[in-house]
Amino acid sequence: MNKNVLVTGGAGYIGSHACKALREAGFVPVTFDNCSTGWAEAVKFGPLERGDLLDRARLDEVFAQYQPIAVMHFAALSQVGESMQEPGRYWRDNVTGALNLAEAAVAAGCLDFVFSSTCATYGDQDNVVLDENSQQLPINAYGASKRAIEDILSDFEAAYGLRSVIFRYFNVAGADPDAEVGEFHQPETHLIPLMLDAIDGKRDALTIFGTDYDTPDGTCIRDYVHVCDLVDAHVLGLKWLKDGKDSRVFNLGTGDGFSVRQVISHSHAVTNRDVPYVEGARRAGDCTKLVSGSTRAVAELGWEPKRSNLQAMIKDAWRWHQKTEAHYKA
Ligand code: UFG
């Protein structure tokens, strides 16, 4: 039986971990990636088909060649700060790209779709428990582009029967404990890898973006989830659809929030090294606090986050970070 799953963005950080999890679950992950922010070397668990989501003919070709039983859609621009400076790219690449993909999937009769959305769709809602029924009020173009894709999927279900599992991620961190794949962005913008770089002198001190937020220590609070736990949820989401269950939205977070200063102190504890940092201005588009208030994924999907404690995530990221030969070519 065909076990092909089309993984867009399979050369990226989360997509490459998803490919490993799919492979281990008996599927064949077929990566579709233009390698603009991902790395061909990260595609280790199935074939790589180079292509751009804006190229509909190329998408049709790959659907025809592999006849995937489902799509997992990770490919996207995903930097909050950048999305505020270049919103057009976010609307074009993320929304038009996903629209092309959804249309190609429908045309190929591939009607199960797992989508990587984000807690950034909720925006900055003070004192609101963020569960799947919370209002989606994004404050940056990145979150807005992901919310738009959720709307596309809902309309495509009504019109064409394209069923979806939508995951709204909180902050993804850590790396494969075997260090076969890991997080490596060029340029890097994420807190934990930047901090590890600063710890071992690969770059200047970390800048804390804003120390005047309305939080106990003045820095932003995030809910960090281990990338391996996150991709395990995707495999469960795929099985959910294959079992014929209804489309569903799931938050993926632990419910524990950590401030930037707390992440720094946990990193010190894990690495036993000082974290050089300076205090800087706020970054446009940043929410004060994003913490999941839902256990739906645990209750309904049977998701068991096993590695999502902050020190374990930093430890796995540090292992990957130190295995420099494992890093992809810049
Ligand atoms: N931060 C710093 N200094 C840095 C980098 C980050 O202080 O050099 C702070 C940010 O201001 C933020 C926190 O660390 O408060 C986390 O920032 P990241 O850039 O690591 O992550 P974001 O929260 O901006 O974004 C990430 C993903 C998005 C996702 C979002 C949900 O990149 O895809 O989490 O919160 F939508």
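For the stretch 54-87, a residue qualifies if it is assigned to a helix (DSSP H, G or I) and closer than 21 Å to His185 by Cα, and the qualifying residues are Val80, Gly81, Glu82, Ser83, Met84, Gln85, Pro87. When the residues of the stretch 298-317 are filtered to those that are away from the ligand (no atom under 16 Å from the Cβ) and among the hydrophobic types (A, V, I, L, M, F, W, C), the one that is surrounded by the fewest Cβ atoms within 10 Å (Cβ to Cβ) is Ala299. For the stretch 74-101, a tally of residues being of a type in the set (A, V, I, L, M, F, W, C) and buried (at least 23 other Cβ atoms within 10 Å of the Cβ) returns 5. Counting only strands (runs of 3 or more DSSP E) that fall entirely inside the stretch 114-217 and contain at least 2 residues that are more than 15 Å from the ligand (Cβ to nearest atom), the qualifying elements are 163-169.
Within the stretch 266-278, the set of residues being within 14 Å of the ligand (Cβ to nearest atom) and surrounded by 15 or more Cβ atoms within 10 Å (Cβ to Cβ) comprises His266, Ser267, Val275, Tyr277.
Screening the candidates Ser116, Ser154 for the property of being closer than 26 Å to Lys242 by Cβ and surrounded by fewer than 18 Cβ atoms within 10 Å (Cβ to Cβ) yields one hit, Ser154. Within the stretch 185-211, the set of residues being without any contact (Cβ under 8 Å) to a residue 24 or more places away in the chain and under 15 Å from the mean Cα position of the chain (by Cα) comprises Glu188, His190. You will find that of Arg163, Arg168, the residue that is more than 30 Å from Lys289 (Cα to Cα) and touching a Ser or Thr at 6+ places or on another chain (Cβ under 7 Å) is Arg163 and no other. Comparison of Gly15, Gly10 shows that the only residue that is assigned by TED's automatic domain parsing to the domain that holds Ala233, assigned to a helix (DSSP H, G or I), crowded, with 19+ Cβ neighbours inside 10 Å and modelled with pLDDT of 95 or more is Gly15. In the stretch 218-235, which residues are at negative phi and assigned to a loop (DSSP other than H, G, I, E, B)? Answer for the stretch 218-235, where residues must be at negative phi and assigned to a loop (DSSP other than H, G, I, E, B): Thr219, Cys220, Asp223. On the basis of being without any contact (Cβ under 8 Å) to a residue 60 or more places away in the chain and either over 30 Å from His73 (Cα atoms) or not charged (D, E, K, R) (or both), does Gly182 make the cut? No.
The values are calculated or read from the model by the stated rules, or taken from the named source; none is laboratory data. Please read these numbers as outputs of a predicted model, since none were measured by experiment. Counting neighbours? That spans all protein chains shown, and the Cβs are built from the backbone with ideal geometry, glycine included.
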